[in-house]
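Take a look at the structure set out below.
The values are calculated or read from the model by the stated rules, or taken from the named source; none is laboratory data. Please read all numbers here as calculations on a predicted model, not as lab measurements. Neighbour counts are summed over all protein chains in view; Cβ atoms, including those assigned to glycine, are modelled from backbone coordinates with ideal geometry. Just the protein is used for accessible areas: all its heavy atoms, side chains included, with ligands, DNA and RNA removed. Shrake-Rupley method; radii C 1.70, N 1.55, O 1.52, S 1.80 Å.
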Amino acid sequence: MSFRGRFAPSPTGRMHLGNARSALLGWLQARAAGGQFLLRVEDLDRARCRPQYVDDLMRDMEWLGLTWDETPLFQSARDELYREAQAQLERAGLVYPCFCTRAEIARAASAPHGLSDEGPRYPGTCARLSSSEISERARTRAPAYRFRAQPGEVHFVDGLQGSYSQDVETVVGDFVVRRNDGVASYQLAVVVDDAATAITHVLRGDDLLSSTPRQLQLYASLQLRPPEFFHVPLVLGEDGKRLAKREGAFALAELRERDLPPERVLGLLAAWSGLGDGSPVTLEELVRRFRSESLPRVPVIAQEQTLVTALGLS
Ligand code: GLU
């Protein structure tokens, strides 16, 4: 199967240099393999996504030369596919409506801290409701829909992090595939889309490493073939925390608007990726230098001073 990679940003803010590094590494991995690279806009969370950020991120990528193949997909326009996948899971008895509020889950949870993106482990309150209980509750509250987490360890080998396992049922519990506001969850949408676009290699930040077992359970239940995963350690600020999109100093659009030569930004991103010493560099040169084996495996700290020097800012 030929190589197909992708970049799947959520347009909830201006892209920062950490996002740009993920885009660059995914792009390099695809181009060095002679493969294709797709762009998918993950704009399901309408309250947080803005068209302006979509515009910005496309311009940022073009400015750096990170070209994509095919027409970019927008998740907000693909709900029909997510509904089909959900219906398939429902037919297999793997999805059920859940009427719990956040507060109820927090109160009922035995372990208060699950994985932060899902909140506490779901205690299974609605897992066995009868159909009359379901219709009764549906009168006063729109349900979310949860996937019945399958028991046992999910194990996979990440291209960068090595062996990883997680018992989804114990750690996360039954997880949401459709929120109670009617929007498909990230976990479902990402699996449906990566499979529908025949993605073979997923390179993304390692903040999503712990989501992968959930996604693998969905792949298995939908009888889809999962891609290979490469979870890249994030770029951290000097405080050791991950860069946030609001941190203006790291916003790519701002550097673009200052008319900085893109080769300088590429030089900095290359230095953060073990592909250079910080001096300006072209994409062609980076494709030549790129080796999948030397993808970064440890987090990088974005020192304000390195940034200022590499970018020639004053
Ligand atoms: N949209 C997600 C994000 O911006 C990335 C999803 C993925 O690469 O799987 O964090």
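Note the full-extension length gain between Met1 and Val171 as 0.36 nm times their separation in residues minus their Cα-Cα distance, in nm to one decimal.
Answer, rounded to one decimal: 57.8 nm.
What residue among Arg14, Arg297, Arg137 has the largest mean-square fluctuation in a Gaussian network model of the chain, using Cα springs under 10 Å?
Of Arg14, Arg297, Arg137, the most mobile in the Gaussian network model is Arg137.
For a quick check: with amide H placed at 1.01 Å from N, whose amide H comes under 5 Å from Gly278's, ignoring anything fewer than 5 positions away on the same chain?
Counting only residues 5 or more places away or on other chains, the set is Ala271.
Less than 11 Å Cβ to Cβ from Leu129, Lys/Arg counted +1 and Asp/Glu -1: what total charge do the surrounding residues give?
In short, 0.
How big, on average over all directions, is the shadow cast by the Cα convex hull of segment 1-134, in nm²?
11.5 nm²
So what is the calculated 222 nm ellipticity per residue for the chain, using -39500 (n - 2.57) for each DSSP H run with n of 4 or more, over all residues, to the nearest 500 deg cm²/dmol?
-10500 deg cm²/dmol
Tell me the carbon and sulfur percent of the accessible area for segment 180-314, rounded to whole percent, probe radius 1.4 Å.
Working: 2990 of 5930 Å².
Its accessible area is 50 percent carbon and sulfur atoms.
With only Lys, Arg, Asp and Glu charged, each at its Cβ (+1 for the first two, -1 for the last two), find how big the charge dipole of segment 66-161 is about the Cα centre; round to the nearest 20 debye.
In total the dipole reaches around 640 debye.
What length, rounded to one decimal in nm, is gained on full extension from Ile134 through to Asp79, with 0.36 nm per residue of separation minus their alpha-carbon distance?
In short, 17.4 nm is gained.
In Å², what does the accessible area per residue of segment 10-168 work out to with a 1.4 Å probe?
For segment 10-168, the solvent-accessible area averages 51 Å² per residue.
Can you compute the radius of gyration and Dmax for segment 15-81, using only the Cα atoms, both in Å?
Calculated on Cα positions, Rg and Dmax stand at 12.7, 38 Å.
Hey, any idea what Rg/Rh is for segment 51-194, computing Rh the Kirkwood way over Cα pairs?
Ratio of gyration radius to Kirkwood radius for segment 51-194: 1.04.
Using a 1.4 Å probe and ignoring any ligands, DNA or RNA, find the accessible area of Ile301 and quote it in Å² to the nearest 10.
Solvent-accessible area, nearest 10 Å²: 80 Å².
What is the helix-to-structure angle for 51-64, meaning the angle in degrees between its Cα long axis and the longest Cα principal axis of the chain, kept from 0 to 90 and rounded to the nearest 10?
Approximately 40 degrees, to the nearest ten.
For the chain, count the residues as N, evaluate 2.2 N^0.38 Å, and divide the Cα radius of gyration by that value, please.
For the chain, the normalised Cα radius of gyration comes out at 1.06.
Give me the net charge of Leu64's neighbourhood, meaning all other residues with Cβ under 15 Å from the Cβ of Leu64; Lys, Arg count +1, Asp, Glu -1.
My count for the surroundings of Leu64 gives -2.
If you build a Gaussian network model of the chain, linking Cα atoms that sit under 10 Å apart, which residue out of Ala77, Ala302, Ala149 swings the most?
Result: Ala77 has the largest fluctuation of those listed.
Using modelled backbone amide H atoms (1.01 Å from N, in-plane), which distant-in-sequence or interchain residues come within less than 5 Å of Arg6's amide H?
Under 5 Å from the amide H of Arg6: Leu38, Leu203.
Relative to 2.2 N^0.38 Å, what does the C-alpha radius of gyration of segment 154-200 come to as a ratio? Two decimals please.
Normalised Rg, Cα atoms only: 1.41.
Sum up the charges of everything whose Cβ sits under 14 Å from the Cβ of Ala8, counting Lys and Arg as +1 and Asp and Glu as -1, but leave Ala8 out.
Overall, the nearby charge balance is -2.
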